[in-house]
Amino acid sequence: MKENKKKLLAALAAAIVIYGLYIVITGKDFNFLIVIPLINIFLIVTLIRGSGPKKVSDPVGYVKFTNGKINFGENNISVIKIKKIALEAVENECYFSLPYNQTAPGKCPIFVFPLEKLTDFKKHLLTGLGEVEIIT
C-alpha cells in the first residue's frame, strides 16, 4: 500500500511540475481546468503501470512458514488448505500463485521473481508445504 501512495504522489508531482514548466515557458495564467485533467492522466498511467503482481528479488526470503501457515506479503494461509500451487516461467521471470486459495473473490495470492531462483524456491516450498501439486 505504501508503494502505491508513493507512486501516486510521484505522478501528482510530475503533473504539477510539467504544468508549471508549461506556464513558465508560455507565460499563460494558472488554470485549474487544465491542471485537473493533466493530473488525472498521470494518475491513470501510474495506476495502470502499478497494477501487476508484486516483484520479489528473493522468493525464499519473502515466503515464510510459521505455525503451520505460509506467510508472504499480506497473505497468511494455513498450509493444510494448500493442495496446488502454480509456478509459471515467462521469459526471465517466474510467476508464483495460489489459484485455489483466493483471498477475495477472483483474487489469488501472486508474485513474480527471477527465473534463476526457481529451483531453490521449489525446494523451499516443498519443504514448507509437504506434498503439493505444482501446476506449470
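The values are calculated or read from the model by the stated rules, or taken from the named source; none is laboratory data. Just so it is clear, the model here is predicted, and its values are computed rather than measured. As a convention, Cβ positions derive from the backbone with ideal geometry for all residues, glycine included, and neighbour counts pool all protein chains shown. Accessible surface areas use protein heavy atoms only, side chains included; no ligands, DNA or RNA. Shrake-Rupley method; radii C 1.70, N 1.55, O 1.52, S 1.80 Å.
Just one of the listed residues (S97, S78) is touching a Gly at 6+ places or on another chain (Cβ under 7 Å), of a type outside the set (A, V, I, L, M, F, W, C) and open to solvent by less than 50 Å² (accessible area, probe 1.4 Å), and it is S78. I'd like to know if the stretch 18-32 contains one or more residues that are among the acidic types (D, E), closer than 30 Å to P109 by Cβ and either open to solvent by 60 Å² or more (accessible area, probe 1.4 Å) or in contact with an Asp or Glu (Cβ under 6 Å, 6 or more places away or on another chain) (or both). Checking the stretch 18-32: not a single residue is among the acidic types (D, E), closer than 30 Å to P109 by Cβ and either open to solvent by 60 Å² or more (accessible area, probe 1.4 Å) or in contact with an Asp or Glu (Cβ under 6 Å, 6 or more places away or on another chain) (or both). Contact map, the stretch 13-30: residues that are free of Cβ contacts under 8 Å to residues at least 60 places away in the same chain paired with residues that are part of a helix (DSSP H, G or I) and not aliphatic (A, V, I, L, M), Cβ distance under 8 Å, separation 6+ or inter-chain. Pairs shown: A14/F42; A15/F42; K28/Y22.
E74: out of contact with any Asp or Glu (no Cβ under 8 Å at 6 or more places or on another chain), closer than 19 Å to I135 by Cα and charged (D, E, K, R), yes or no? No; evaluated as a whole, the condition is false for this residue.
The set of residues from the stretch 104-116 being part of a loop (DSSP other than H, G, I, E, B) and either loosely packed, with under 14 Cβ neighbours inside 10 Å or modelled with pLDDT of 90 or more (or both) comprises P105, G106, P109. Of the residues that make up the stretch 63-79, is at least one of a type in the set (A, V, I, L, M), under 18 Å from the mean Cα position of the chain (by Cα) and under 14 Å from P53 (Cα atoms)? Looking for residues that are of a type in the set (A, V, I, L, M), under 18 Å from the mean Cα position of the chain (by Cα) and under 14 Å from P53 (Cα atoms), one finds none in the stretch 63-79, hence no. Residue check: is G61 on the phi < 0 side of the Ramachandran plot, at pLDDT 75 or above and of a type in the set (G, A, S)? Answer is yes for this residue. Contact map, the stretch 117-136: first residue closer than 12 Å to A86 by Cα and among the hydroxyl-bearing types (S, T, Y), second residue open to solvent by 50 Å² or more (accessible area, probe 1.4 Å) and not in a helix (DSSP H, G or I), Cβ cut-off under 8 Å, separation 6 or more or different chains; pairs are T136/E88; T136/A89.
So is K69 open to solvent by 70 Å² or more (accessible area, probe 1.4 Å) and in contact with a Ser or Thr (Cβ under 8 Å, 6 or more places away or on another chain) or not? So K69 passes the test. Under the condition of being among the basic types (K, R) and part of a strand (DSSP E or B), which residue from the stretch 50-101 is nearest to L125 (Cα to Cα)? Checked the stretch 50-101; the qualifying residue nearest to L125 (Cα to Cα) is K64.
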